[in-house]
Structures are given as C-alpha cells and as structure tokens.
Amino acid sequence: MTVWETAPAFLLAAAVIGYLLGSIPFGLLLTRAAGLGDVRQIGSGNIGATNVLRTGNKKLAAATLLCDAFKGTAAVLIANALWGYEASLVAGFFAFLGHLFPVWLGFKGGKGVATYIGVLLGAAPLMMLLFAAIWLITAFVTKYSSLSALVAMLVIPIVLWILGPEKTALLVTALSIISWYMHRENIKRLLAGTESKIGKKG
C-alpha cells in the first residue's frame, strides 16, 4: 500500500506545511525591510524576484530569488523527512501554490519560477541543474527571462516522463502547466514582440 492509501492525515499535514512555507512573501518582506516600500506598487505588481529587481536593488532581488526557491526546497525536504516521498511531492505542490496564491496577500503572489526551481532542487536535483542550464542558454540566445523559464518548464517534464520517477514527473508537469498559465501575459507580449528583454526596463 502507498502513503496515499494509508496516511491521508500526513498528506494533509504536508499540504499545510507546504502552503504556509510557500506563502511567505519574501519579496514584499525584504523590500519593506530595506525601506523600499511595497513592491506590489511597482512594475508588474507581483512579489517575485523579477519585480523586486525593478527597485534597482540587485542584491535584494537575488535574496528574494534564493528565499523563494529555498522555501520550496524546505517544504519538500521537511515532508520527506517526516512522512516520505509522496508527502514530499504534496508539500512541494502546495508550496508552489502558496507562492502563487498567498492567503496573507489576498491570494495575489508571484509567478512561481523561483519556487518551481526550489521544489525541483528538493525533489529532483539533477533536473534543477538541467533547468538552470536550459534557462541560461535560452537567456543568452534570446535575452528574454520569461521565455527562458517557459522553455525550461516545457523541457523538464518531458525529461522526467522519460527518466522517471512517474510521480515526480506528474508533479512537475502540474507545476509547469500552472506556471505557463501564470505567464499568459508574458506569452502574449512575446508573441507581439513587446516583452522586455533582460537588462532593459519595462
């Protein structure tokens, strides 16, 4: 029997822990702590590292990226240590949802790329390295951060379905589909040729 059948309470606990960790709005907390006000009032209005970068503070954006990633990693590792593999996937999924839809901010969070990477680090570390490689290569060629993330999030699930394990592939596929949806405005701008390139404001 699997943990799905034997321990629904553990899965619920993993979901709660994952969501609470994922919903910590580091971008907002760090910008406020630095005296830069509410990051939701600038740029795209979300709380992710890309928008924090629009404050002009690169170190703060890097800190936001790391914190948003590691909250996903922490959720996976904590649940895995307490309740095992399947629970860790549940925690990772809900950490991702927590970042996108934090209850503290009226369910308006970031787009999830950093937390996606963090969940990968916890659940499939080699896939995280592949994600980084794909992102860097695509960014170098195209200069589009959003396109780089979208390409990586398309490739990673395919590789996981080929190499396994299947449950991890299912998790990452779900994260990719949701994140692609969250990037729908970026996709429209990419198709229209109006998406901002790396190093340029807008």
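The values are calculated or read from the model by the stated rules, or taken from the named source; none is laboratory data. Everything numeric in this text was worked out from a predicted model, so none of it was measured. As a convention, Cβ positions derive from the backbone with ideal geometry for all residues, glycine included, and neighbour counts pool all protein chains shown. For the accessible areas, the whole protein counts, side chains as well, though only heavy atoms, and no ligand, DNA or RNA atoms are used. Shrake-Rupley method; radii C 1.70, N 1.55, O 1.52, S 1.80 Å.
Going by accessible surface with a 1.4 Å probe and the largest first, Lys111, Lys71 read Lys111, Lys71.
As a calculated quantity, the FRET efficiency between Tyr85 and Ala132 at R0 = 22 Å, using C-beta atoms, amounts to about 0.40. For region 175-191, 3J(HN,Hα) computed residue by residue from phi via the Karplus equation (6.51, -1.76, 1.60; θ = phi - 60°) reads 4, 5, 4, 5, 5, 4, 5, 5, 9, 4, 5, 4, 4, 4, 5, 4, 5 Hz, glycine and proline entered as x. Relative to the longest principal axis of the Cα atoms of the chain, helix 58-83 runs at roughly 10 degrees.
Accessible surface comparison of Ser196, Ser176, probe 1.4 Å, protein chains only, largest first: the order is Ser196, Ser176.
What is the helix-to-structure angle for 113-123, meaning the angle in degrees between its Cα long axis and the longest Cα principal axis of the chain, kept from 0 to 90 and rounded to the nearest 10? Helix 113-123 and the main axis of the chain meet at about 30 degrees.
If the viscosity is 1.002 mPa s and the temperature 20 °C, what translational diffusion coefficient in µm²/s does Stokes-Einstein give for region 51-202 when Rh comes from Kirkwood over Cα pairs?
Estimated diffusion coefficient is 136 µm²/s.
Compared with the dominant Cα axis of the chain, that is its longest principal axis, helix 85-100 is turned about 30°.
Residues of region 96-138 falling in the label zone of Ile187, defined by backbone nitrogen less than 17 Å from a point 7 Å along Cα to beta-carbon, are 111-113.
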